[in-house]
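What follows is a short report on a single structure.
The values are calculated or read from the model by the stated rules, or taken from the named source; none is laboratory data. The shown structure was predicted, so the numbers you read here are calculated from the model rather than taken from an experiment. Virtual Cβ from ideal backbone geometry, glycine too; neighbours counted across all protein chains shown.
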Amino acid sequence: MEKRTCIDCNNEQPINNFYIKDKTGRYHYYCKKCAKDRAKKWQKKNIDKFRKLQRDAYTKWSLEKKKYKQKTVNRSSWLKRKEELGDSYIKWLLIGNIKRDNLSLSSKDIPKDLILLKRKEQMLKRKIYANN
Ligand SMILES: [Zn+2]
């Protein structure tokens, strides 16, 4: 039987221990065992790269998802507060007025009565708009 020396392990082996190249029909320079080892090494090396890429992509994706989710949550809870005329929404309206009038008042300093009055005002406005 024809023999061939593997250029990797330098062992002379029967030719059927070598793979045949698909295109040329010639035998590989490496024996099957070395070819497998090389393939494994190559795979391992590239799997690390691949896994890193995959991890990075996943991290990026989950961050985006988190950001998006946060945005939607913020938005929906804000709409809910607006709908229910919650304190933070009323304060936000009042602060807008305060700023327009060039007064300095932080949201903590807004008296409870003012919030209640503003809420009543908003409720009246909504009634008026609903009737029109
Ligand atoms: Zn070999």
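Just one of (1) within 16 Å of the ligand (Cβ to nearest atom); (2) part of a helix (DSSP H, G or I); (3) not hydroxyl-bearing (Ser, Thr, Tyr) trips up Asn97, so point out which.
(1)
Any idea which of Lys32, Lys49, Lys60, Lys45 is at negative phi and within 16 Å of the ligand (Cβ to nearest atom)?
Working: Lys49 fails: within 16 Å of the ligand (Cβ to nearest atom); Lys60 fails: within 16 Å of the ligand (Cβ to nearest atom); Lys45 fails: within 16 Å of the ligand (Cβ to nearest atom).
Only one candidate passes the filter, namely Lys32.
State all residues of the range 99-131 that are among the acidic types (Asp, Glu) and modelled with pLDDT under 85; if no residue qualifies, say none.
Asp101, Asp109 - these are the residues of the range 99-131 that are among the acidic types (Asp, Glu) and modelled with pLDDT under 85.
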